[in-house]
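Worksheet for the structure shown next.
The values are calculated or read from the model by the stated rules, or taken from the named source; none is laboratory data. Everything quoted here is computed from the prediction, not taken from an experiment. With ideal geometry, Cβ positions are generated from the backbone for all residues, glycine too; neighbour counts draw on all protein chains shown.
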Amino acid sequence: MKRLWRELPRLSRIASLVGAGGLLACTIGGIAHPAMFFQAWLVTWLFLLGIALAAMMDVMIHELTGGQWGGAVRPPLEAAMMTLPLLFLLAVPLSFGLPALFEWARPDAVVHSDILQAKRWYLNQPGFLVRNATWLLVWSGFAIALRRRLLGASDADLRGRRRLAVAGLLVYLVTITFAAYDWVASLVPEWSSTAVGLRLGAAQFVAAFGFAVPFAVFLPRDAATHRFSTRDSGDLGNLLLTFAMFWAYIAFTQYLIVWGEDLPVETGWFGPRVQTTWWGLGLAVGVLDFAIPVVAMLFRDVKRDARLLAIVCLLALAGQWLDSFWLTVPSLRVHGFEVHWLDVAALLGEGGLWLATVGALSIRMPDAVRITLSRKDVAHG
């Protein structure tokens, strides 16, 4: 056991200790403040799920398009996507807290609401659990299947990866909409939005890059198979800029359309976020996820410096956790900005366990990436 512990990367050892402490605090806090525990757990779980899902989508996109940028970030992206089975397990506590999170899961609330009764065919606990267990199983299955194909270098493996990539991207476009409606929109069951899935998906791509680039840049050199070049940093900076601008466009367009209609059933979700002290959190998210990346990427010296780019990505990653907070918590703490110590404990607990897993998995990723890239180089001449 001690030998296995020593063989883990230093990052995994530290993160696992932090995670253990955070999980212990969550256990104690969950007994004393169950409602706050489920809210805090949802925020970080949704944030980590977004990184893992978008990481898998980035790998699939790279499989279909190629490009030198993939060599720099494929190891952490592949490691992150392989945490989807872990995130399935981390979703289990949430299944016990549906009444604490969702009004439609409380029978007394349903009885007194015509809207909840009309939506009961969809918004009910058995259906919710089956749907989301299905999505998590499907996503985990794609990650495992893709990983197995990545280990091979035959023509059959190359074709298999492309087929998986096409299927996975199509499935993601559909399932992320259902997941976003279940975990975000249904917190205010009277509200609905056709853009909620696109809004959450755009945020996930920012989060995945915000994680992968710093992980790759600060990875110990003896464990890295690809050294960052100026071109790599420039390409990744352009991609970060694209994702950040797309996220901002979708988020602002959704707000503009809903608020412009000025219908109570439409504005109910935005009300607590813009009419209470929660607006300050929204402003912070906009600065970290849009203003800083866009301004920083205008400077060539920043975009082409791997370490400076990694710092910008870390700020965007922090902004994405705040965005996950902004998407969920104001619907539950409607009177204004409020942070509970369990919000931090859940971030340390879930985040520490997840990061320790990524660190352990990343040890095995470089060989597969090297095989993939070498075959791509041959294929593209």
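What pairs come out if I take residues in region 334-349 that are part of a loop (DSSP other than H, G, I, E, B) and pair them with residues that are among the β-branched types (Val, Ile, Thr) whose C-beta lies under 6 Å away, six or more apart or interchain?
Taking only residues 6 or more apart or on different chains, the pairs are 336/276; 336/277; 337/277.
Being over 23 Å from residue 102 (Cβ atoms) and surrounded by fewer than 20 Cβ atoms within 10 Å (Cβ to Cβ) is the filter here, so list the residues in region 128-146 that pass it.
Once the filter is applied, which keeps residues that are over 23 Å from residue 102 (Cβ atoms) and surrounded by fewer than 20 Cβ atoms within 10 Å (Cβ to Cβ), region 128-146 yields 141, 144, 145.
Looking at the structure I just gave you, is residue 72 within 20 Å of residue 362 (Cβ to Cβ) and at pLDDT below 95? Talk me through it step by step, then tell me what you get.
Numbers: within 20 Å of residue 362 (Cβ to Cβ): yes; at pLDDT below 95: yes.
Yes; evaluated as a whole, the condition is true for this residue.
Which pairs have Cβ atoms under 6 Å, sit 6 or more apart or on different chains, and link a residue in region 137-163 that is of a type in the set (A, V, I, L, M, F, W, C) to one that is not in a helix (DSSP H, G or I)?
Every condition considered, the pairs that remain are 143/82.
Go through region 64-164 and tell me which helices (runs of 4 or more DSSP H), entirely inside it, have 1 or more residues that are acidic (Asp, Glu). Quick ask: steps written out before the conclusion?
Numbers: elements: 69-81, 84-90, 92-95, 98-101, 107-111, 114-118, 125-150.
Passing ranges, in order: 69-81, 107-111, 114-118.
Could you please find all residues in region 114-168 being aromatic (Phe, Trp, Tyr) and touching a Gly at 6+ places or on another chain (Cβ under 9 Å)? Don't jump to the end; show me each part of the working.
Step one: list which residues in region 114-168 are aromatic (Phe, Trp, Tyr), which gives 121-122, 128, 135, 139, 142.
Answer for region 114-168, where residues must be aromatic (Phe, Trp, Tyr) and touching a Gly at 6+ places or on another chain (Cβ under 9 Å): 121, 139, 142.
Please go through (1) over 30 Å from residue 188 (Cα atoms); (2) surrounded by fewer than 17 Cβ atoms within 10 Å (Cβ to Cβ) for residue 296 and return the number of the only condition it doesn't satisfy.
(2)
Scan region 1-59 residue by residue and report those that are of a type in the set (Ser, Thr, Tyr) and surrounded by 21 or more Cβ atoms within 10 Å (Cβ to Cβ).
Of everything in region 1-59, those that are of a type in the set (Ser, Thr, Tyr) and surrounded by 21 or more Cβ atoms within 10 Å (Cβ to Cβ) turn out to be 12, 44.
Return the total of residues in region 40-81 being at positive phi and of a type in the set (Lys, Arg).
Initially, region 40-81 is screened for residues at positive phi, giving 66-67.
So of that shortlist, the ones also of a type in the set (Lys, Arg) come out as none.
Number of matching residues: 0.
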